[in-house]
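Data first, discussion second: the structure below is written as structure tokens.
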Number of protein chains: 2
Amino acid sequence: MVNEIQQTSSASSSSRSDGGSSSGSESSKDNSRCSTPVLDADRHERLREKMRRRQEAGDRWFSLEFFPPRTANAAVNLISRFDRMGAGGPLFIDVTWHPAGDPGSDKETSSMIIANTAVNYCGLETILHMTCCNQTKDDITGHLQKAKRLGLKNIMALRGDPSGEEWEEEVDGFNHAVDLVKHIRNEFDDYFDICVAGYPKGHPEAESYEADLRHLKEKVFAGADFIITQLFFRPETFLKFMKDCQAIGITCPIIPGIFPIQGYHSLRQLVKLSKLEVPQEIKDVIEPIKDNDAAIRNYGVELAVSMCRELLDSGMVHGLHFYTLNREVATTEVLKRLGLWREDPRRPLPWAVSAHPKRRVEDVRPIFWASRPKSYIYRTQEWDDFPNGRWGNSSSPAFGELKDYYLFYLKSKSPREELLKMWGEELTSEESVFEVFTCYITGEPNRNGYKVTCMPWNDDPLATETNLLKDELERVNRRGILTINSQPNINGKPSTDPIVGWGPSGGYVFQKAYLEFFTSSEIVTALLKVLKKYEQRVNYHIVNVKGQNITNAPDLQPNAVTWGIFPGREIIQPTVVDPVSFLSWKDEAFALWIEQWAKLYEEESPSRMIIQYIHDNYYLVNLVDNDFPLENCLWQVVEDTFELLN
Amino acid sequence: MVNEIQQTSSASSSSRSDGGSSSGSESSKDNSRCSTPVLDADRHERLREKMRRRQEAGDRWFSLEFFPPRTANAAVNLISRFDRMGAGGPLFIDVTWHPAGDPGSDKETSSMIIANTAVNYCGLETILHMTCCNQTKDDITGHLQKAKRLGLKNIMALRGDPSGEEWEEEVDGFNHAVDLVKHIRNEFDDYFDICVAGYPKGHPEAESYEADLRHLKEKVFAGADFIITQLFFRPETFLKFMKDCQAIGITCPIIPGIFPIQGYHSLRQLVKLSKLEVPQEIKDVIEPIKDNDAAIRNYGVELAVSMCRELLDSGMVHGLHFYTLNREVATTEVLKRLGLWREDPRRPLPWAVSAHPKRRVEDVRPIFWASRPKSYIYRTQEWDDFPNGRWGNSSSPAFGELKDYYLFYLKSKSPREELLKMWGEELTSEESVFEVFTCYITGEPNRNGYKVTCMPWNDDPLATETNLLKDELERVNRRGILTINSQPNINGKPSTDPIVGWGPSGGYVFQKAYLEFFTSSEIVTALLKVLKKYEQRVNYHIVNVKGQNITNAPDLQPNAVTWGIFPGREIIQPTVVDPVSFLSWKDEAFALWIEQWAKLYEEESPSRMIIQYIHDNYYLVNLVDNDFPLENCLWQVVEDTFELLN
């Protein structure tokens, strides 16, 4: 890539060479620069720009449609699905508007909140559907304002299905999607990217196919940025529609809506709702196997793959939109077979970024929330600025409190009964707690034969990176160093390393070894003696639930523990150990003992009292080995501590 | 070091746990943090705090007094002396107020401008003397405002010698130093650190020694922060004075003024001015050798060393103030013998920092000015903010123009005749210019037998670090790659490395290889072909005097080329290659051909036309090898280019 820089600034400066002194105040204004090296162009572009860039680069992409779930439990599962399917690299997801489900409310199953969660907590570019019929201007403006506040940037503007039999158009009301498009542009200018629906066979209520095309053109000319189509069964249906659109002057992207047939009943229901007709050749295949779900799904996948191939091969299609019906298998299978599923996801940063526009510049976080990124996002949601470049001096970053551990996107995926099986129906001593930690590390079943696949501080099995430290972790957990977070030291591995890599290719990533654990005050006393030998090499922070805190951090400065060096960019240092944030994390980490573990047991029960004892008396410790090019000394620190105790 | 963190923020947050949602606006305010990892506490403390910290740590220190020179040439030399003596690590220097020399003016020999240069361009903590008698309040306020504006933070408040025989105290005027102290505190609150003079033998005009002590106490109680004494000849004089001060309640630091006798006449003159009496034992030694300067100086050094030792050994003295008389040898000798001269200066950053308070947070600069740091400071003097943490996105940092290449602190130390001997009385071809560059690199004499010790872009001989690249540099300069800046790649050397180290101990420093040179358009054409093979690995910027510019920098982002990883701190990345600043540097780098070289020759002379031709037709090129862990590929790039040309 070769850029020709415009020479204006330089030219004007040399033309001033005869005049007086350089203009001070102007200069200093120009000097307030954003300090974000663009690591990931995606974070800085709006959806329509991403689409344009992908198309120009000849990239192919996909997107995924979901509907809001009915129950809180289903919401938990849907969010996990967002995380899993998000890893495949959709350009965006969209969440349908469910008028009967109080879609703009704060309920955990509302369209608004599901979309909010996708953007903020799963980091997905998200389109929120919105329908307008039977609603007042104020209602709609309120919904849009709320969406904007939550960080949503894209709206799919729809008319929606009128409720009640005798719906009639209202004068000055929202009668068509185009009214909503106009309203959004009037009230919110260019803030939102707007998507509208296209009907390859014409809208069932339209006077004619041609009339419907004209309506579509109206929507686009009113300000829509792109079109997603209703599902269709034959590729030629879409290709004809696209040509017809172009013929009447619609030039924006038109994305085909793909519906992989996943079962007999879902197909029938969808067909009924959309008033589409299933082609005879498909009916002929399906009817005979209608009770064999697997067979239908296989056929559906096959059909979708072949249709998508034809669309992509036409050269007219760059992106495919999938109606997932909130299911994972069929769509994923189609995407994998098309080669669109990102097999080796490149992480732009070592942690999962949020897609809220406010957080666009965020590129550094304390390491403490590494396994609880959604909690970190929740506790910093009120921040107006996000640290960028450096975490900065530790003048009390104000973390919101984590008072509700049951927020559906923070909730454990496992129900109480499972947790009890993993963590012990009955605890008899501190040592039985050590065992739980050890089983989580080793992956071995506990004494009752159950694998421990999550912990209060980690809702997922051990990270691949942590696996590198498995043997050492097992040894120390057995002896009461109850580890909840750790990373190995890394001295310049390629940024494309499948385990520890992140950021653009061609770079090098580095880490300081980190270890965080709960442990008893006896061990802390010995540890502090041992640490004297390691002064400067090892930084430590040791704190109990009451906030008694011991550290050797110079001037309470943060310590960068992960950083990357990339071609043509400034240094990126995405994780730090910040002494002050540690005290906010401490509150959360100690509370998790009670909220997630102790409360599984009856009040006053011995099990509960053991956890309460640990909560009240143990210390939370973190250690950093600053000498990242040498062998990690933290295990030796722990060994020395045990030796001193014996 | 063990810090107990106050738990206020955390405690208040848990006491809020019953109340509503976390308070958003408060949080975000708290979140605007300074992002300066404190690398060098010295940059962040005021002088009195530095003194206190040194005393508490049991460190010993020294300071140096200079007077403003009479001529511009002497000013150039004095600034070089500041640079050299600054390397020895004085806690501060001070510049006397020379009422006859228009001390508050903008003349290059004024007290104000010499102090300004020391602070801003030499990075020295500086005290400006100021006298008050025979001056109006407005004059004095004006001087103080100007001092503040220039970044001076310390004033030595003196009465000064009244001019004219019949001086009388004025009612409401400035009759004594204490009036000036009060005025500074009234008008500038606590902005300045104030020093006052103490007279170990009593002021010659004082009624008595006791009365003079009372005056001193008045000055301290009016707001002075510390005392520097008049010179004295016997340590017991000072120690008695110090005890007497303490006895009447003076508790601030009292710094003995040390005067190493450097010559017979300077001693006589000083004694006359200060109305002090030289003890007989000293007279007895000096009189017989009064015409032997070296002998007197040796004796003076001996005497000063033994007096300083006695003072330091008393345990009452932590710092020594030297009256240098603007000379270097005697004072440096005394300091070296006392072990106070910093033999291994630790650089806080790879470039020389400025001591202006505005620049306290500055920790990143473009690499282009590496050999012209004073020019960089000059061209950014109007900035209100300085980049910190990251250079940031390249939205036109507004550099002031460098229109006066003859500013005394930017002026070459060599006169025109010497420059002609080094760079050629007569140039015959571009090749004779190549030869000058080559001789500068090799240190070999040129064809007329003169060593080339400076170049328009480098006023000093080759840096030690550049010496590491000497052979390669010689080879390429011979062939018309005229190098003006370079650094080798470094993959994690200790921060204490004597050649490439910087920052606190215990860290690791890194560099990407960098090469900057002028070269012909033929070579550039070949180079661009070669660079295609190195895409991503090598970033380049190639520009001619007209501003035609070719680069492969991604999105014109800056590229960090020097960084350091330290215990318990965030990453420091003090130098970047910034595509946009390069265009401002380009103007300066091209102009130096004309201003410093071409103008040595007659207009229309062939020599001048050769330099003008190079200026008009050559390109300025910079190259960065991003793969710092591998062997530097830039030499291979250049070899490949030459090969392509053959």
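The values are calculated or read from the model by the stated rules, or taken from the named source; none is laboratory data. Remember, it's a predicted structure, so these values are computed and weren't measured experimentally. Using ideal geometry, Cβ is built from the backbone for each residue, glycine included, and neighbour counts are taken over all protein chains shown. In case anyone asks, the SASA skips ligands and DNA or RNA and just uses the protein heavy atoms, side chains included. Shrake-Rupley method; radii C 1.70, N 1.55, O 1.52, S 1.80 Å.
Restricting attention to the range A:205-223, which residues are over 19 Å from A:Ile255 (Cα atoms) and not polar (S, T, N, Q)? Can you show your working first?
So the first thing to find is which residues in the range A:205-223 are over 19 Å from A:Ile255 (Cα atoms), and the list is A:205-208, A:210-211.
Matches in the range A:205-223: A:Glu205, A:Ala206, A:Glu207, A:Glu210, A:Ala211.
Quick check, is A:Asp138 modelled with pLDDT of 90 or more and surrounded by fewer than 18 Cβ atoms within 10 Å (Cβ to Cβ)?
Numbers: modelled with pLDDT of 90 or more: yes; surrounded by fewer than 18 Cβ atoms within 10 Å (Cβ to Cβ): yes.
In short, yes.
For the range A:328-357, give me the residue count where each residue is more than 16 Å from A:Gly89 (Cβ to Cβ) and either surrounded by fewer than 17 Cβ atoms within 10 Å (Cβ to Cβ) or of a type in the set (Ser, Thr, Tyr) (or both). Walk me through it before giving the result.
First, the residues of the range A:328-357 that are more than 16 Å from A:Gly89 (Cβ to Cβ): A:329-330, A:350-351, A:354, A:356-357.
Now drop any that are not either surrounded by fewer than 17 Cβ atoms within 10 Å (Cβ to Cβ) or of a type in the set (Ser, Thr, Tyr) (or both), which leaves A:329, A:354, A:357.
Qualifying residue count, the range A:328-357: 3.
Hey, among the residues in the range B:211-265 that are of a type in the set (Ser, Thr, Tyr) and farther than 30 Å from B:Phe188 by Cα, which one's nearest to the chain's Cα centre (by Cα)?
B:Tyr264
Within the range B:529-547, track down each residue that is aromatic (Phe, Trp, Tyr) and in contact with a Leu (Cβ under 8 Å, 6 or more places away or on another chain).
Initial filter on the range B:529-547 (aromatic (Phe, Trp, Tyr)): B:534, B:540.
Hit for the range B:529-547 is B:Tyr540, nothing else.
Being touching a helix residue (DSSP H, G or I) at 6+ places or on another chain (Cβ under 6 Å) and either at the interface with chain A (Cβ under 10 Å from one of its Cβ atoms) or surrounded by 21 or more Cβ atoms within 10 Å (Cβ to Cβ) (or both) is the filter here; which residues of the range B:497-513 pass it?
B:Ala513
Only one of A:Lys529, A:Lys546 is in a loop (DSSP other than H, G, I, E, B), open to solvent by 30 Å² or more (accessible area, probe 1.4 Å) and farther than 23 Å from A:Thr466 by Cα. Can you tell me which?
Of the residues listed, the single one that is in a loop (DSSP other than H, G, I, E, B), open to solvent by 30 Å² or more (accessible area, probe 1.4 Å) and farther than 23 Å from A:Thr466 by Cα is A:Lys546.
Residue check, A:Asn393 against (1) in contact with a Leu (Cβ under 9 Å, 6 or more places away or on another chain); (2) over 30 Å from A:Pro256 (Cβ atoms); (3) at pLDDT 85 or above, all met but one. Which one?
Against the list (1) in contact with a Leu (Cβ under 9 Å, 6 or more places away or on another chain); (2) over 30 Å from A:Pro256 (Cβ atoms); (3) at pLDDT 85 or above, A:Asn393 comes up short only on (3).
Look through B:Ile254, B:Ile261, B:Ile289 and report the one residue that is surrounded by fewer than 16 Cβ atoms within 10 Å (Cβ to Cβ) and in contact with a helix residue (DSSP H, G or I) (Cβ under 6 Å, 6 or more places away or on another chain).
Numbers: B:Ile254 fails: surrounded by fewer than 16 Cβ atoms within 10 Å (Cβ to Cβ); B:Ile261 fails: surrounded by fewer than 16 Cβ atoms within 10 Å (Cβ to Cβ).
Only one candidate qualifies: B:Ile289.
Against the definition (in contact (Cβ under 8 Å) with a residue 24 or more places away in the chain and part of a helix (DSSP H, G or I)), how does A:Val509 come out, yes or no?
Working: in contact (Cβ under 8 Å) with a residue 24 or more places away in the chain: yes; part of a helix (DSSP H, G or I): no.
In short, no.
Looking only at residues that are open to solvent by 30 Å² or more (accessible area, probe 1.4 Å) and of a type in the set (S, T, N, Q) in the range A:599-631, which one is farthest from B:Ile490 (Cα to Cα)?
The qualifying residue farthest from B:Ile490 (Cα to Cα) is A:Gln612.
What single numbered condition from (1) more than 25 Å from the chain's Cα centre (by Cα); (2) in a helix (DSSP H, G or I); (3) more than 8 Å from chain B (Cβ to nearest Cβ); (4) not hydroxyl-bearing (Ser, Thr, Tyr) fails to hold for A:Asn632?
Single failed check for A:Asn632: (2).
Within the range B:356-399, how many residues are touching an Asp or Glu at 6+ places or on another chain (Cβ under 6 Å) and free of Cβ contacts under 8 Å to residues at least 40 places away in the same chain?
Of the residues in the range B:356-399, 2 are touching an Asp or Glu at 6+ places or on another chain (Cβ under 6 Å) and free of Cβ contacts under 8 Å to residues at least 40 places away in the same chain.
Working only within the range B:316-326, note down all residues that are surrounded by 16 or more Cβ atoms within 10 Å (Cβ to Cβ) and either more than 28 Å from B:Ser371 (Cβ to Cβ) or not assigned by the TED database to the domain that holds B:Pro256 (or both).
Scanning the range B:316-326 gives B:Val317, B:His318, B:Gly319, B:Leu320, B:His321, B:Phe322, B:Tyr323, B:Leu325.
Find the residue count for the range B:61-80, including only residues that are outside any strand (DSSP E or B) and touching a Leu at 6+ places or on another chain (Cβ under 6 Å). Lay out the reasoning, then the answer.
Kept after step one, since they are outside any strand (DSSP E or B), are these residues of the range B:61-80: B:67-80.
Narrowing the set further to residues that are touching a Leu at 6+ places or on another chain (Cβ under 6 Å) leaves B:69.
Residues in the range B:61-80 being outside any strand (DSSP E or B) and touching a Leu at 6+ places or on another chain (Cβ under 6 Å): 1 in total.
In the range A:81-90, is there at least one residue being aliphatic (A, V, I, L, M), under 24 Å from A:Arg372 (Cα atoms) and part of a helix (DSSP H, G or I)?
Residues of the range A:81-90 that are aliphatic (A, V, I, L, M), as a first pass: A:85, A:87.
Remaining after also requiring under 24 Å from A:Arg372 (Cα atoms): A:85, A:87.
Imposing the further condition that a residue be part of a helix (DSSP H, G or I) reduces the set to A:85.
Checking the range A:81-90: at least one residue is aliphatic (A, V, I, L, M), under 24 Å from A:Arg372 (Cα atoms) and part of a helix (DSSP H, G or I).
Return only the number of the condition from (1) touching a strand residue (DSSP E or B) at 6+ places or on another chain (Cβ under 9 Å); (2) in contact (Cβ under 8 Å) with a residue 40 or more places away in the chain; (3) open to solvent by 40 Å² or more (accessible area, probe 1.4 Å) that A:Pro494 does not satisfy.
(2)
B:Thr464 versus (1) at pLDDT 90 or above; (2) of a type in the set (Ser, Thr, Tyr); (3) closer than 30 Å to B:Pro629 by Cβ: which is the lone unmet condition?
That leaves (1) as the condition not met.
Does the range A:32-50 hold any residues that are in contact with a Pro (Cβ under 9 Å, 6 or more places away or on another chain), modelled with pLDDT under 95 and assigned to a helix (DSSP H, G or I), and which are they?
A:Asp42, A:Arg43, listed by residue number.
Counting only residues that are within 14 Å of another protein chain (Cβ to nearest Cβ) and surrounded by fewer than 23 Cβ atoms within 10 Å (Cβ to Cβ), give me the helices (runs of 4 or more DSSP H) lying completely in the range A:366-454 with at least 1 of them.
A:373-379
Is it fair to say A:Phe582 is outside any loop (DSSP other than H, G, I, E, B), surrounded by fewer than 24 Cβ atoms within 10 Å (Cβ to Cβ) and among the aromatic types (Phe, Trp, Tyr)? Walk me through how you get there before you give the answer.
On the way: outside any loop (DSSP other than H, G, I, E, B): yes; surrounded by fewer than 24 Cβ atoms within 10 Å (Cβ to Cβ): no; among the aromatic types (Phe, Trp, Tyr): yes.
No: the conditions fail for A:Phe582.
Please go through the range A:569-590 and give me each residue that is out of contact with any helix residue (DSSP H, G or I) (no Cβ under 8 Å at 6 or more places or on another chain) and closer than 17 Å to A:Gly503 by Cα, ordered by number. Quick ask: steps written out before the conclusion?
So in the range A:569-590, the residues out of contact with any helix residue (DSSP H, G or I) (no Cβ under 8 Å at 6 or more places or on another chain) come out as A:570-574, A:578.
A:Glu570, A:Ile571, A:Ile572, A:Gln573, A:Pro574 - these are the residues of the range A:569-590 that are out of contact with any helix residue (DSSP H, G or I) (no Cβ under 8 Å at 6 or more places or on another chain) and closer than 17 Å to A:Gly503 by Cα.
Which pairs have Cβ atoms under 7 Å, sit 6 or more apart or on different chains, and link a residue in the range B:517-544 that is outside the structural domain of B:Asp640 (by the TED database) to one that is in a helix (DSSP H, G or I) and open to solvent by 10 Å² or more (accessible area, probe 1.4 Å)?
none
Please go through the range A:565-579 and pick out each residue that is within 10 Å of another protein chain (Cβ to nearest Cβ) and under 26 Å from the mean Cα position of the chain (by Cα).
Kept after step one, since they are within 10 Å of another protein chain (Cβ to nearest Cβ), are these residues of the range A:565-579: A:565-573, A:576-579.
Of everything in the range A:565-579, those that are within 10 Å of another protein chain (Cβ to nearest Cβ) and under 26 Å from the mean Cα position of the chain (by Cα) turn out to be A:Ile565, A:Phe566, A:Arg569, A:Glu570, A:Ile571, A:Ile572, A:Gln573, A:Val576, A:Val577, A:Asp578.
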